[in-house]
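In what follows, a single structure is set out as structure tokens and then discussed.
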Amino acid sequence: MDESVYEYVKVERKWQDAWFDAHIEEATKRKGQKFFIHFAYPGVSGYLHVGHMRGFSYCDIIARYKRMSGFDVLFPAGFHASGIPSVGFAKKVQRGDADTIRLLKQNRCSDEFIQRLTDPTEVVKYFSAVYVDNYWKKFGYLIDYSRIMTTISPGYKRFIQWQFHQLHAKHLLIQKPHFAPYCPNCGPVAVDRSETDVSQGGEAEVLEFTVIKFMLPDGKILPAATLRPETIFGVTNMWVNPTVEYSVVDVDDEQWICSSECIEKLSYQFDKVQPTLEKIPGSSLVGKTCRVPMVNRDVPILPGVFADPNVATGIVMSVPAHAPYDWIALVETKKPIAPIKIIDVPGFGENPAKEACDELHVTSQTQTDKLDQATELVYKKEFHTGVLNKLCGPYAGIRVSEIKDTVKNDLLGKDEAAILREFSQPVICRCGRRVVIKKIPDQWFIKYSDPDLTRESKEYARTMAIYPVEYWEELPKILDWFGDRAVIRKGSWLGTEFPYKKDWIIEPISDSTLYPAYYVLSKYVNTKRLPPEEMTDAFFDYVFLGRGTAKNALWREIKDDFDYWYPVNINLGGKEHKTVHFPVYIMNHVAIFPEPKRPRGLFVHWWVTQKGKEKISKSKGGAEPIHEAALTYGVDAMRLYYAHIGSPFVDIEWDAETVTKYKIRIQMLWRLFTHLNRTTDKPDENLDAWLQSTLTRRLHKIHEAYETFDLRVASNETFFEMPRDLQWYVKRGGKNAALVTKYLETWVCLATPITPHLSEELWAFLGHEPFVSTQPFPREATKDVSEYHEVGESLLIHVIDDLSEILKVTNITPKKISIYTAPAWKQQVLRLALDLEDRQLLSMNALMKEVMADPQLKAQAKLVSQYAGKVAGDIKKMTETDRQRYHVKLDEAGYLRQVKAFLEAAFSCPVEVWSADDAAIVDPVQKAKNAVPRRPALYIE
RNA sequence: GCAGGGGUAGCCAAGCUCGGUCAACGGCGACAGACUCAAGAUCUGUUCCUGCAGAGGUUCGGGGGUUCAAAUCCCUUCCCCUGCACCA
């Protein structure tokens, strides 16, 4: 190999093959202390992109660090194959989705093979192999590949069923009604942004309308749908659309009048819905009156064309004081009806709706954009700062934000209202049918609202190591907020059968909460030593909970493994997991496992986004395919990029140019380290001690950074600061081959977690046997710190800085440089002052007293007192480390004389070093008097 | 709506927990120099403003406050972003 070119593709390949041949990635129980880390396993929904590699890379870096730090490391991985993604992918292949087919072909899939991918389990199989072979192994991750598993294997399903038996036994499975998106043709559908099931409306939210029952004189109900039930006290009239023909429908023994579009919605959400043949034109309702529940007042029915039959019931109650639509409609009808103001809001007067309309110059019902704007304006203000006024009976004086649900619940309790759920925008199924919301009367839930479970989970989360700390603070609030979760569904999804209801499948969030425990088993499953049939509840009870007895030696062996590896030390996942996966991960562990087996830590990382903060989308194929990126930049460059580009807790923008710079740096490091002069063995006491000391400080900082998983600091010190130290050493003329070699060996070890391939290659270059990946991580030895030499070098750097600045400002070419270090008496005064400060006694008086006690200092009292005044002020501003460094008794002139040759070379002119105390001093322009400790006076000719 | 994150020099991005070492890590870009036939790469230096002696001035979204001292603490205001459940 040409030594000046670092052929990363070959190098990466070579070492990956070597690692996996030697199986250094497999978890073994040898060192007596263990570290269990895993990432939130990925769903199987297509090719991944460079963004996903960020979290995976963090995980491998941490795992490698721990492995080198004396831990047995278990770093397994698996696939979350449950749920909709692989089914969605298979469906796309089936319907010949052009993007999907093109993507597969780009990845060298044959037509024949593509056909196979119409089967979801084939999709899982295919992508599992892609992730392992093309992504994880190509990035050098030391994942224990002998434990790979998926959530749709027979063994895993038994594991999940055991989990649900446990939850059931603990009374954490409950049944109650639930409302879910449903296509009358296709059954349950997922409404989400990826739009796997739906062709339109993936962004839709479910709105919860309160349907308030207004009674007509003939006993029929006019059901007005509203999102603001508390405004019932301000109703002045009703709106029906005069151009619409309404229908009469029997609902739970009542007769409702609503738009015909509404009937279907009602039929999916209410138990007894029976359409009748009776139709009522809107126009014939106009002029009648109906009774407002709760306030028992009769109000007229008026025509309002804005009442949309597609929205909720098609009937609208009118609150002209607080709803801009109602206000404008009322103005247009020219009826002499006075708005009733029921909410007091600072910033608004007698009619907030009118004022908002005036402000936005709304004059007609048809100006829907402006009306929506006005509505939002009024609503937000009223919700946050509004208070119900005296017209609201028992609710008077209470803030809108607090009373909203109370009014609704009171209406519901008196059977004067009902709830109707509806999408905020039309949702269309892939089959073309409009998706509705359907009531499932006896849905099963995991009772995450359980007060004991919530409390215990919160208490436990407090004890966990959670990165970043902001999430540690946020988590208890999320656990409080986290409600019951519907856990089963029926439809074309992959997953485990729910044990208490035939043909229903456990949904994918709920089947991936205890899964790291399964990594202990998967090794035995994959080698066929543990057949699924053997995984009975008794088996799981024994292995995980220590209940019952072992049926055979294998059970004991597996239990030993479990007791060794569990609990998880770090579960690492993207920020999308903050509000769903991590909470249920904790809560299920708390519910089922005793405290010693609950996860010890979480690590949340943010995303890699595309330019403009747009999330890189998995479904769209991703910006930069992984295997191409690996070839273009090199894996080590990408790993370094992820670790160094920013804190793990901010989104980073993928930028090809930036990644290229990291590639160049890897090349540069290779060249730098392979071309170092390691043949001349010429020690230099000062310089060598300085390098050793600096190295020691770096080691300390790097170790600390890794211990808190601060990969940015660790990588910055290793890949930027350390090479710079070494370059300074070389530039200063350092030639101690033994020391340089030792430095290099240390560096290679330090770099290994982040750039393992480069490290292995350098390790071999240095003549060592493989693998550096299994070497111990270097630790500092405090005896190697030499403050004296650090201070000496910093003095030198300071002098160079000052000289440069003078040259820059004066723009002269130096013919000769004179350096004058401070006289001994200044050093003495400074030290006296520092001593006083250490005893917290420093003041001008105290200092002068001390100083005058010395006859030699007293002899030049005037100069001394001038300097002392300045020193006292300076010391007050110093930091602790500054003060410590000033304590070091450095022979400044002596030190600088030793580096004379270096300075002369750097400034290309003769250099003289004088101490202000020198009898023979040459000081033509009287500079020496300005010298102070650590700040020699300078004169350039 | 609920919960959370963020605004730092041309750009990306540290620092903010524990106020002083901060004109503010590091990187990129730009400029100059070295090397080279040249380009690229690499190396050196400069890169807020002013300054012919190592200095001074003005900065960390806006405004106000605490302090000898604030990017860092407090108050207030404007703007941006993210998650929210049957999607993983």
Pick from segment A:32-52, criterion away from RNA strand B (no atom under 16 Å from the Cβ) and open to solvent by less than 20 Å² (accessible area, probe 1.4 Å), ranking: farthest from the chain's Cα centre (by Cα):
A:F35
All-but-one check, A:H768 against (1) under 21 Å from A:G634 (Cβ atoms); (2) outside any helix (DSSP H, G or I); (3) of a type outside the set (G, A, S), failing number (1)
Could you list, in sequence order, all residues of segment A:399-421 that are more than 23 Å from A:R291 (Cα to Cα) and either open to solvent by 30 Å² or more (accessible area, probe 1.4 Å) or touching a Ser or Thr at 6+ places or on another chain (Cβ under 6 Å) (or both)?
A:R399, A:S401, A:E402, A:R421
Set A:H789, A:H798: member being of a type outside the set (D, E, K, R) and either surrounded by fewer than 21 Cβ atoms within 10 Å (Cβ to Cβ) or within 27 Å of A:M638 (Cβ to Cβ) (or both):
A:H798
Let me spell it out: the conditions are (1) at pLDDT 85 or above; (2) of a type in the set (D, E); (3) within 16 Å of RNA strand B (Cβ to nearest atom), and A:D854 meets all of them except one. Which number is the exception?
(3)
Have a look at A:Q840, A:Q860 and point out the one that is at pLDDT below 85, assigned by TED's automatic domain parsing to the domain that holds A:S915 and on the phi > 0 side of the Ramachandran plot.
A:Q840
Among the residues of segment A:532-585 satisfying the criterion of being away from RNA strand B (no atom under 16 Å from the Cβ) and of a type in the set (S, T, Y), which is least open to solvent (accessible area, probe 1.4 Å)?
A:Y566
A:V932 meets each of (1) over 50 Å from the mean Cα position of the chain (by Cα); (2) of a type in the set (V, I, T); (3) open to solvent by 80 Å² or more (accessible area, probe 1.4 Å) with one exception, condition (3)
A:L890: in contact (Cβ under 8 Å) with a residue 60 or more places away in the chain, out of contact with any strand residue (DSSP E or B) (no Cβ under 7 Å at 6 or more places or on another chain) and more than 12 Å from RNA strand B (Cβ to nearest atom), yes or no?
yes
Within segment A:135-143, is there a residue that is of a type outside the set (K, R) and open to solvent by 20 Å² or more (accessible area, probe 1.4 Å)?
no
Just to be sure before I move on: is A:R102 among the charged types (D, E, K, R) and part of a loop (DSSP other than H, G, I, E, B) in the structure I sent?
no
Can you give me the number of residues within segment A:4-23 that are open to solvent by 10 Å² or more (accessible area, probe 1.4 Å) and either hydroxyl-bearing (S, T, Y) or within 30 Å of the chain's Cα centre (by Cα) (or both)?
4
Go through (1) assigned to a helix (DSSP H, G or I); (2) under 24 Å from A:D688 (Cα atoms); (3) of a type in the set (D, E, K, R) for A:E837 and report which single condition fails.
(2)
From the list A:V829, A:V913, A:V871, A:V864, exactly one residue is β-branched (V, I, T) and within 14 Å of RNA strand B (Cβ to nearest atom). Which is it?
A:V913
Across segment A:227-243, what is the number of residues that are open to solvent by 20 Å² or more (accessible area, probe 1.4 Å) and either more than 27 Å from A:N296 (Cα to Cα) or out of contact with any helix residue (DSSP H, G or I) (no Cβ under 8 Å at 6 or more places or on another chain) (or both)?
2
Search segment A:815-826 for residues being open to solvent by less than 20 Å² (accessible area, probe 1.4 Å) and not in a helix (DSSP H, G or I), and hand back the single one that is farthest from RNA strand B (Cβ to nearest atom).
A:P823
Number of the exception - A:G483 against (1) part of a helix (DSSP H, G or I); (2) small (G, A, S); (3) within 16 Å of RNA strand B (Cβ to nearest atom):
(1)
Check on A:K29, under 28 Å from A:H644 (Cα atoms) and surrounded by fewer than 22 Cβ atoms within 10 Å (Cβ to Cβ)
no
Just name the residue that is surrounded by the most Cβ atoms within 10 Å (Cβ to Cβ) out of those in segment A:386-398 that are of a type in the set (A, V, I, L, M, F, W, C) and part of a helix (DSSP H, G or I).
A:C392
Suppose we filter segment A:794-808 for residues that are among the β-branched types (V, I, T) and near RNA strand B (Cβ under 8 Å from one of its atoms); how many remain?
2
Name the pairs: first residue in segment A:309-337 and over 13 Å from A:V240 (Cβ atoms), second residue part of a loop (DSSP other than H, G, I, E, B) and of a type in the set (D, E, K, R), Cβ to Cβ under 7 Å, at least 6 apart or on different chains?
A:A321/A:K341
Kindly establish whether A:P336 is closer than 14 Å to A:V235 by Cα and part of a loop (DSSP other than H, G, I, E, B).
no
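Conditions tested, residue by residue: (1) at pLDDT 85 or above; (2) open to solvent by 50 Å² or more (accessible area, probe 1.4 Å).
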{"position": "A:H322", "(1), (2)": "yes, no"}
{"position": "A:V331", "(1), (2)": "yes, yes"}
{"position": "A:K341", "(1), (2)": "yes, no"}
{"position": "A:F348", "(1), (2)": "no, no"}
{"position": "A:E355", "(1), (2)": "yes, yes"}
{"position": "A:L360", "(1), (2)": "no, no"}
{"position": "A:D372", "(1), (2)": "no, yes"}
{"position": "A:H384", "(1), (2)": "no, yes"}
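The values are calculated or read from the model by the stated rules, or taken from the named source; none is laboratory data. Values in this document were obtained by computation on a predicted structure and should not be read as measured data. Cβ: placed from backbone, ideal geometry, glycine included. Neighbour counts: every protein chain shown. These accessible areas exclude ligands, DNA and RNA; they are computed on the full protein's heavy atoms, side chains included. Shrake-Rupley method; radii C 1.70, N 1.55, O 1.52, S 1.80 Å.
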